[in-house]
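Below you'll find the structure, written out as structure tokens, and then a few comments.
The values are calculated or read from the model by the stated rules, or taken from the named source; none is laboratory data. It should be emphasised that the depicted structure is a prediction, and the values quoted were computed from it without experimental measurement. Positions of Cβ are generated from backbone atoms using ideal geometry, with glycine treated the same way; all protein chains shown enter the neighbour counts. We work out accessible area using only protein heavy atoms, side chains counted, and drop any ligands, DNA or RNA first. Shrake-Rupley method; radii C 1.70, N 1.55, O 1.52, S 1.80 Å.
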Amino acid sequence: MKIIRIKEKFKELKKRRECALIGFVTAGDPTPDDTVDIVNSMIRGGADLIELGLPFSDPIADGVVIQKASERSLNAGMNPDLFFELAKKIEKVPKVCLTYYNIVLQRGLDKFARDCTESGIDGLIVPDLPVEEATPLLLACNKHDINLIFLVAQTTTEERLQKILEVSRGFLYVVSLLGVTGARKELSGTINPLIRKVKQASDKIPLAVGFGISNPKQVKEVCDAGADGVIVGSAFVKIIEENAGNKEQMLQTLEEFTRRLKQVTKP
Amino acid sequence: MTLPDKLGRFDGYGGRFAPEVLMPALEELEAAFDKYRRDEEFRQELSYYQTEFAGRPTPLYYARNLTEQIGGAKIYLKREDLVHGGAHKLNNTLGQVLLAKKMGKKRIIAETGAGQHGVATAIAAAALGIKCEVYMGTEDIERQSLNVFRMKLMDAKVIPVESGSCTLKDAVNEAMRDWLTNIKSTYYLIGSIVGPHPYPMIVREFQRIIGIETKKQINEKEDRLPDSIVACVGGGSNAIGIFYEFLEDDVELIGVEAGGKGIKTGKHGATLCAGTDGVLHGACSKLLQDKDGQITVSYSIAAGLDYPGVGPELSYLMKKNRITATSVTDDEALEAFKLLSRVEGIVPALESAHAIYHTIKIAKQMKKDQIIVMNLSGRGDKDVFTIADALGEKI
């Protein structure tokens, strides 16, 4: 299947001086039947990229909202085979898969990367796979032309940042705060210096900021600080959770919320 | 070569599969441990607390009554149940709390299953004067209310964990999330030889004292090494603690895991016996998981053995055929629990009772001049409600 490239998307947005809105949802939440409709609502609302979570039973980097979504999804029968089937049905925007390393490992690194390619996924994020442990998966991803996306945090040292930049492809995932995913009232005051630090180290790779970002004001703050993209996750998942009984309303709310976020990413 | 290597690997097992936020903290911890393990003042301070506070060395007790009743090999018990707090866990927590203080940390967090590690952390934190918070699954809080109360008495805050199976693995998840959030001020004190490098190494080094003492004591008493050493395995800290000193010797080393309701029922915690390779809680090791890599819920009557993972070093030693593993069911452990209490006047922890059952089983098949050392990792006071319940008695 045709792969819409992350790189092209960031280029296109840069020309328009727009910041990318990257929307995350857990695939299979509340049920696998809902996922394509949910993602399409977000795309209609203006999401530029979609990050699709393949749930793991023990997601240590996630806060309670995404933990619960993972549980709902797994209880509804989500599994990797189904995940790739669903991913194939999502078109129009670049797709990124987020999952934990054990899920990739059990499928087989090569098979996982190949399945990504075959379902049109252009990027892979594995939050519990630091650069030191990533060589085997990097080889598999390079072979199948998948972008392995790494995270950097406030605690990342200069030395580690260089190592990460050397192997990062697609975009660099800048973790805005110390902690797990989930909405925060205020963004960390250290986000601006962190963006500057990473930008200084490399201007070759787009930089997307995530964790804790949940409203248009925060999205604007991150875009204004010089990020190329902003990742919103738990806020979308929360809408799904709150409207689980009323799909029509859920889809409408998601679309409207996406539109409000996208608006502020434009100049 | 001594393992782990620089990447924290035990020949493929182990490693450091942790979120980026934690990586610099793990590097900091590794450097601090490396410095203080060789620091004379640190060693003396730890030795002082081990002796004057924890009550080390613990006896290596000849279980004469049990030996005579079984009529096989001589059975010795390494009495870790006599360590202050009632289990071997304090060996590790004293070492790590001392390390945390040297590192200038202001707060200790820990996870606990049976509550023994939580209690041991609370004890060390109170003794050394540092704030302590313990994550514990609500299922375990229910099963181990006595230990919950003990922790509170020692001014530790117990934080209930309601995610997943509400047991040890979920408490580990939650403690890791806390650490991610409070990385600069907080020391995460892992209680077993699990987690990302350097934890499996640090915990082993602080538990090695069990084996060091055992070797000296058995040589004094019998002028020879034992034929077999038996220890129960949840994460594996008491097992590696007694095994490590004997790895190069001609001594059979046996880990006993939780057979729960029987391996075939799927309700067990026998990771070495029935697990497959994977990555959980920061390390590659054997795990209980389904074909997709989702971690399955473990089960045991003994909360301390109820964990779907195991220390990477034990997975490695299994692969090398240096240790063997077996499993003992709930019912068998209960039987051994009652027997040891009755004939020796020692009420063992349910975890240790698993090792007792297997010790008795192999002692019967061995000659009278052969020797087994069993690591009696903890005392059973914490388990009396569970036992009474299982026996259908009200107390």
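For the reader, a short list of remarks on this structure follows.
- Selection status of B:TYR76, among the hydroxyl-bearing types (Ser, Thr, Tyr), within 14 Å of chain A (Cβ to nearest Cβ) and surrounded by 19 or more Cβ atoms within 10 Å (Cβ to Cβ): no
- Looking at the range A:164-267, the strands (runs of 3 or more DSSP E) lying wholly inside it that each contain 3 or more residues that are within 14 Å of chain B (Cβ to nearest Cβ) and under 16 Å from the mean Cα position of the chain (by Cα) sit at A:172-175.
- Selection count, the range B:161-216, where residues are more than 22 Å from A:GLY179 (Cβ to Cβ), out of contact with any Asp or Glu (no Cβ under 9 Å at 6 or more places or on another chain) and within 14 Å of another protein chain (Cβ to nearest Cβ): 1
- Taking the criterion of being more than 21 Å from the chain's Cα centre (by Cα) and either free of Cβ contacts under 8 Å to residues at least 60 places away in the same chain or within 14 Å of chain A (Cβ to nearest Cβ) (or both), the residues of the range B:252-288 that qualify are B:LYS264, B:THR265, B:GLY266.
- Residue in the range A:111-131 that is within 14 Å of chain B (Cβ to nearest Cβ) and of a type in the set (Lys, Arg) present: yes
- Total residues in the range A:65-79, condition within 8 Å of another protein chain (Cβ to nearest Cβ) and within 17 Å of the chain's Cα centre (by Cα): 1
- Lone unmet requirement of (1) under 30 Å from A:LYS204 (Cβ atoms); (2) outside any helix (DSSP H, G or I); (3) open to solvent by 10 Å² or more (accessible area, probe 1.4 Å) for A:GLU8: (2)
- Helices (runs of 4 or more DSSP H) fully within the range B:1-86 counting 2 or more residues that are in contact with an Asp or Glu (Cβ under 7 Å, 6 or more places away or on another chain): B:64-70
- Positions within the range A:131-157 being among the acidic types (Asp, Glu) and in a helix (DSSP H, G or I), in sequence order: A:GLU132, A:GLU133
Here's the yes/no breakdown for (1) within 25 Å of A:SER57 (Cα to Cα); (2) of a type in the set (D, E, K, R):
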residue	(1), (2)
B:GLN116	no, no
B:ALA125	no, no
B:ILE130	no, no
B:GLU133	yes, yes
B:ASP140	yes, yes
B:MET154	no, no
B:LYS157	no, yes
B:SER165	yes, no
B:VAL172	yes, no
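- Just one of (1) open to solvent by 70 Å² or more (accessible area, probe 1.4 Å); (2) more than 27 Å from A:ARG5 (Cβ to Cβ); (3) not acidic (Asp, Glu) fails for A:ILE239. It is (1).
- Residue match in the range B:334-344 (condition: modelled with pLDDT of 95 or more, among the aromatic types (Phe, Trp, Tyr) and either farther than 18 Å from B:THR167 by Cβ or touching a helix residue (DSSP H, G or I) at 6+ places or on another chain (Cβ under 9 Å) (or both)): yes
- The lone exception for A:PRO94 - which of (1) away from chain B (no Cβ under 13 Å); (2) in contact with a Lys or Arg (Cβ under 6 Å, 6 or more places away or on another chain); (3) under 20 Å from B:ASP277 (Cβ atoms) it fails: (3)
- Residue match in the range A:138-148 (condition: modelled with pLDDT of 95 or more, crowded, with 19+ Cβ neighbours inside 10 Å and charged (D, E, K, R)): no
- B:ASP331, sole failed condition from (1) part of a helix (DSSP H, G or I); (2) touching a Pro at 6+ places or on another chain (Cβ under 6 Å): (2)
- Looking across the range B:146-166, the residues that are closer than 22 Å to B:MET176 by Cβ and touching a Lys or Arg at 6+ places or on another chain (Cβ under 7 Å) come down to B:ASN147, B:VAL158.
- Residue-level check: of (1) surrounded by fewer than 24 Cβ atoms within 10 Å (Cβ to Cβ); (2) of a type in the set (Val, Ile, Thr); (3) under 24 Å from B:GLY55 (Cβ atoms), B:VAL230 misses just (1).
- Among (1) part of a strand (DSSP E or B); (2) open to solvent by 50 Å² or more (accessible area, probe 1.4 Å); (3) away from chain A (no Cβ under 14 Å), the one test that B:VAL158 misses: (2)
- Sole exception among (1) over 15 Å from B:LYS382 (Cβ atoms); (2) touching a strand residue (DSSP E or B) at 6+ places or on another chain (Cβ under 9 Å); (3) not hydroxyl-bearing (Ser, Thr, Tyr) for B:ILE193, by number: (2)
- Among the residues of the range B:5-28, the ones that are open to solvent by less than 50 Å² (accessible area, probe 1.4 Å) and away from chain A (no Cβ under 13 Å) come to 1 in all.
- Test: B:PRO57 is within 14 Å of another protein chain (Cβ to nearest Cβ) and of a type outside the set (S, T, N, Q): no
- Taken together, the residues in the range A:96-127 that are under 24 Å from A:ILE205 (Cβ atoms), touching a strand residue (DSSP E or B) at 6+ places or on another chain (Cβ under 7 Å) and either in a helix (DSSP H, G or I) or open to solvent by 10 Å² or more (accessible area, probe 1.4 Å) (or both) amount to 4.
- For A:GLU133, the stated conditions hold: it is under 25 Å from A:ILE205 (Cβ atoms) and either open to solvent by less than 10 Å² (accessible area, probe 1.4 Å) or among the acidic types (Asp, Glu) (or both).
- Filtering B:ASP389, B:ASP383, B:ASP331 for residues that are at pLDDT below 95, open to solvent by 50 Å² or more (accessible area, probe 1.4 Å), more than 15 Å from the chain's Cα centre (by Cα) and of a type outside the set (Lys, Arg) leaves a single hit, B:ASP389.
- When the range B:289-325 is filtered for residues that are over 21 Å from B:PHE243 (Cβ atoms) and within 14 Å of another protein chain (Cβ to nearest Cβ), the ones remaining, listed by number, are B:GLN289, B:ASP290, B:LYS291, B:ASP292, B:GLY293, B:GLN294, B:ILE295, B:THR296, B:VAL297, B:SER298, B:PRO308.
- Of all residues in the range B:317-328, exactly one satisfies the criterion of being within 14 Å of B:ASP11 (Cα to Cα) and surrounded by 22 or more Cβ atoms within 10 Å (Cβ to Cβ), namely B:LEU317.
- Failed criterion for B:ASP81 (all others in (1) closer than 19 Å to B:GLY211 by Cα; (2) free of Cβ contacts under 8 Å to residues at least 24 places away in the same chain hold): (2)
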